[in-house]
Amino acid sequence: MEISGEFVVNMVKAKVSEFFTEPKMFTECLPSLQGYEIKGDNEISATFKIDVSGFNIPHMSTITANINAKIIKDNEKIEIVGNGRSAGVSVKINISLNLYEMQKSTKVIWSAKMDMGLLTKLLGENSIRKIAESNVNYIINCIRSRVT
């Protein structure tokens, strides 16, 4: 499953890139962050809650996710590649951020590819997409608010 979008920030590309490659800044935008550990310059281990209230399951509005991720940077692109577990199943995520310098601003074109494994098969791709979009939009809005 893939979700994508774009936004523009009034900041030069170098500063935007610096923000996205700072593990602490990115990690603190995870929804309902429970805790995290920065390992080296570009690795993160985090525990956070995923909002699943859209499933309308009585007495369950969130599930816990544990993820280990690595931030990979080249000249034009930053990738956050992670593996983890949520609801007892394996999950994989790859967030790609392409940065394009404009006059005194930077255009960020992003995509998030997610493999929710068995959860997708159990709950259906449409249900998982709805929940994923809500949580990814939370992260993107947090990031955008921090770099503007």
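Coordinate-derived values only; no laboratory data. A quick note: this is a predicted structure, and the numbers were derived from the prediction, not measured. We place every Cβ from the backbone using ideal geometry, glycine too, and count neighbours over all the protein chains shown.
What number, rounded to the nearest 500 deg cm²/dmol, is the helix-based mean residue ellipticity at 222 nm of the chain, given -39500 (n - 2.57) per DSSP H run of at least four residues and division by all its residues?
Values: 4 runs with 42 residues, N = 148.
Computed mean residue ellipticity for the chain: -8500 deg cm²/dmol.
Using a cut-off of 10 Å between beta-carbons, work out the net charge of the residues near V8 (Lys and Arg +1, Asp and Glu -1, V8 not included). Net charge in that neighbourhood comes out at +1.
Charge dipole (Cα centre; +1 on Lys/Arg Cβ, -1 on Asp/Glu Cβ; no other charges) of segment 48-148 amounts to roughly 120 debye. If you average the C-alpha positions of segment 46-73 and of segment 79-116 separately, how far apart do those two centres end up, in angstrom? Rounded to whole Å, the Cα centres lie 15 Å apart. Taking a cut-off of 25 Å between Cα atoms, list the lysines near K73, but don't count ones fewer than 8 places away on the same chain. Of all the lysines, those that pass the test against K73 - Cα under 25 Å, at least 8 places apart if same chain - are K13, K15, K24, K39, K92, K104, K107, K113.
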